[in-house]
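So the structure is just underneath, and the comments pick up after that.
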Amino acid sequence: MARSHRILRWLRWAFLVLALAFAGLSIWFVLRIERFILARLPREVVVANLSVSFLTSRFVLNDVQILGREAGACPAKVLATLRQIEGDFQLRQRLLKSITLADVRITAEGLDRRCFSKDTNQSDFSLRQYTSAAGIIFEIRGADIPLREIGAARLNTIATLVYPDEKTVAIKADRITLAAKNLNVTGRNVSLALERNGNGLQLQNVSANVTARHSDLSKLPRLSSRKLVVRAGEAELKLTAELARSQWSVFSAVELKGVKVGGAPLYNMPMGLLQLSPETLWPMAEDTPGLFEFSFKTLATTERLPAVYAADFRIALTNKVRKNLKKKIPVLPF
């Protein structure tokens, strides 16, 4: 009987020692993995704390800051903050399956391209070495972006990040949303490819369908001038954009609803018989009461796209106004 108690006692001690050894080995392994992850993050990424779970194959980074490069134009300045970064991984293959960014705040410096300049001798951190052929699922759950004249806009999307080769990264998203106070932008079937060169990443191919809606045009100061003041109205812009071989092809369809304008008189007839002003002419320029539609196509290189697009927009708008006015007032001299 005493011998059986002694054996049982030894078994208990052996089990306790094994349990302590396993716990110690697990803690050591977790600490090694956490150091492994933190050591491979860029120096500009500051993390408050990191936790890793091997049961669910997930890691969590809390209170993350993205700083400007020391050798760049914005050394140590905060470019963005993130409440949390979550990730799924395959431990044996050392591959990432997904990354989720939650509550992102981008600063004004974070939108300045100069803050991302680097020393040509400095090596870049790349997710490519941790990405499988299927890519990484990349999710953004609320990113606040400061935009001039519009204010803070909130971005949400789920995209797939793929590295076809050493110099190229491809991003595909079924849906991207950007919401501000009076603005809502939705992108569908967005696909783009970027190629790495000496100056960073450069767009090579783009394909996207975008719908933008603005609920109060009077809040856009650039639409108004001394001669023309936009007092009310809604706008919807639908465009299909493609970029191939440095050439953009953009088809745009514009719909204006409930627009009310004012401004200085455009023409005064002798003896005060008739005065033409934006306020009196606009109802006659509309297709139907409260509705005005037009479309146009833009072809331009990346460098000239903003200027060419703005010019094509003005030309299409002017031609449509003239065409509608000519139908209703044939005696107009244009």
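The values are calculated or read from the model by the stated rules, or taken from the named source; none is laboratory data. All of these numbers come straight from a predicted model, not from anything done at the bench. Methodologically, a virtual Cβ is constructed for each residue, glycine included, from the backbone with ideal geometry; neighbour enumeration extends over all protein chains shown. In case anyone asks, the SASA skips ligands and DNA or RNA and just uses the protein heavy atoms, side chains included. Shrake-Rupley method; radii C 1.70, N 1.55, O 1.52, S 1.80 Å.
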- Query: By per-residue mean of other Cβ atoms within 10 Å, what is the highest-first order of 244-253, 220-229?
  - Reply: 244-253, 220-229
- Task: Using R₀ = 41 Å, calculate the FRET efficiency as 1/(1 + (r/R₀)^6) where r is the Cβ-Cβ separation of LYS238 and GLN65; round to 0.05.
- Result: 0.60
- Length gain on complete extension for the stretch LYS172 to ALA76, per 0.36 nm per residue less the alpha carbon to alpha carbon distance? 31.4 nm
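Grab the beta carbon distance between ARG43 and ARG92, set R0 = 25 Å, and tell me the FRET efficiency rounded to 0.05. Don't jump to the answer; show the numbers that get you there.
Numbers: r = 28 Å, r/R0 = 1.13.
E between ARG43 and ARG92, to the nearest 0.05, is 0.35.
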- Would you tally the net charge around PRO283, using a Cβ to Cβ cut-off of less than 14 Å, leaving PRO283 out, and scoring K and R as +1, D and E as -1? +2
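How about segment 284-322: which GluC sites (Glu not before Pro) there are in a DSSP loop, with at most 13 other Cβ atoms within 10 Å of their Cβ?
Numbers: sites: GLU286, GLU293, GLU303; in loops: GLU286, GLU303.
Qualifying residues, ordered by number: GLU303.
State which entries of LYS227/LYS260; LYS172/LYS257; LYS257/LYS323 exceed 21 angstrom in Cα-Cα distance in the structure shown. Show your work: numbers first, answer last.
Numbers: LYS227/LYS260 14 Å; LYS172/LYS257 33 Å; LYS257/LYS323 18 Å.
Too far apart for the 21 Å limit: LYS172/LYS257.
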- Quick one: accessible surface of SER51, probe radius 1.4 Å, all protein chains present, in square angstrom to the nearest 10. 50
- Query: Under a point spin-label approximation (7 Å from Cα along Cα-to-Cβ), what is the ARG114-ASP216 distance to one decimal in nm?
  - Reply: 3.4
- Placing each pseudo-label 7 Å from Cα in the direction of the beta carbon, GLN84 and LYS326 end up separated by a distance in nanometres of 6.1
- Task: For LYS323, tell me the accessible area in Å² from a 1.4 Å probe, rounded to the nearest 10.
- Result: 120
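Between beta-carbons, use under 9 Å as the cut-off and find the net charge around GLY263, counting Lys and Arg +1, Asp and Glu -1.
Values: positive: ARG226, LYS227; negative: GLU279.
Local net charge: +1.
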